[in-house]
Every structure is written in C-alpha cells, then in structure tokens.
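First the structure, in the form of structure tokens, and then the observations on it.
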Amino acid sequence: MHHHQSPEMKTCTDNCLACYRECLSTAMNHCLEMGGKHTAPQHFRLMMACAEICRTSAHFMLIGSEHHKHVCGECAEICAECAGNCERIGGMQSCVDACRRCAESCREMAA
C-alpha cells in the first residue's frame, strides 16, 4: 500500500521542518551570541527540545507512522511553550511565529 500524505499532513510536515530549522538556527546563532537570558539552561533546553520534536514529528509523518498523532500532540505542546518563552525573552519573533504555526497544525494532526 502506497502511503500518500494528505494536504493537511503535508502542510504540517512543512511547518514542523520550518520550525525545526528556525529554532535550531535561532538558538545556535542569535541566542548563543546574545547570552544572558537567551542562554539560560531552561530556555536553551526548551529550544533544543522544540527543534528535535519538530524534526521527529515531520519524520513520523513522512514515514507514514500511525504514531504520528501522539508525536504531533507532544510537538504542539512543546511548540506552544517555546513560543511563549521566546516571546517573553524577546527579539525572536520569527521563532515565535514558526512555533505557533507548527503548534496549530500539529494540534489538528493530533485531533
């Protein structure tokens, strides 16, 4: 049986990969250079966790795993938390936007 991604799943996969890229590059470039609260362990770990769960969610959808719903549910939670944290610290609007977009589409996938 050939697995075919629905348009919603394709959008979610794209949003997850975009969020993965955004969180990882923001953390490694912007946050490391800014220091201070940008590199506080709790914030930095959250950004790394967010990047990784986004990559994992995309992977589960791309391979057609029926477990993608659980992973997407977790991804939505972590993305929402990361968006809030990045917004509080400030200066990371593109990361906030990517996280919110990903959280929204992952919530729909998990439903």
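Things to note:
- Debye intensity ratio I(q)/I(0), log10, region 55-111, q values 0.16, 0.27 Å⁻¹ (C-alpha model): -0.46, -0.96
- Modelled spin-label separation between residue 77 and residue 97, with each label point placed 7 Å from Cα along the Cα-to-Cβ direction: 2.9 nm.
- Neighbour-limited loop hits for GluC sites (Glu not before Pro), region 1-100 (at most 16 other Cβ within 10 Å; DSSP other than H, G, I, E, B): 66
- Using a probe of 1.4 angstrom and keeping all protein chains present, the accessible surface of the chain works out to 55 square angstrom per residue.
- Under Karplus coefficients 6.51, -1.76 and 1.60, residue-wise ³J(HN,Hα) of region 58-68 in Hz, glycine/proline x: 4, 4, 4, 5, 5, 8, x, 6, 5, 7, 4
- For residue 111 and residue 44, a Förster radius of 35 Å and the Cβ-Cβ distance give a FRET efficiency of 0.70, rounded to the nearest 0.05.
- Per residue, the average separation of C-alpha pairs within less than 8 Å and at least 6 apart gives the chain a relative contact order of 34 percent.
- (1) 25, 17, 12; (2) 24, 19, 15; (3) 27, 12, 11, with the label sought being that of the calculated semi-axes √(5λ) of the Cα gyration tensor in Å: (3)
- Region 1-84 - percent of accessible surface contributed by carbon and sulfur, probe 1.4 Å: 59
- Rounded to the nearest 20, the Cβ-based charge dipole of region 1-81 about its Cα centre (Lys and Arg +1, Asp and Glu -1) stands at 120 debye.
The values are calculated or read from the model by the stated rules, or taken from the named source; none is laboratory data. As the structure is a computational prediction, the values presented were derived from the model and not from experiment. No Cβ is skipped: glycine too gets one built from the backbone with ideal geometry, and neighbour counts run over all protein chains shown. Note: accessible area is taken over every heavy atom of the protein model, side chains too, but ligands, DNA and RNA are not part of it. Shrake-Rupley method; radii C 1.70, N 1.55, O 1.52, S 1.80 Å.
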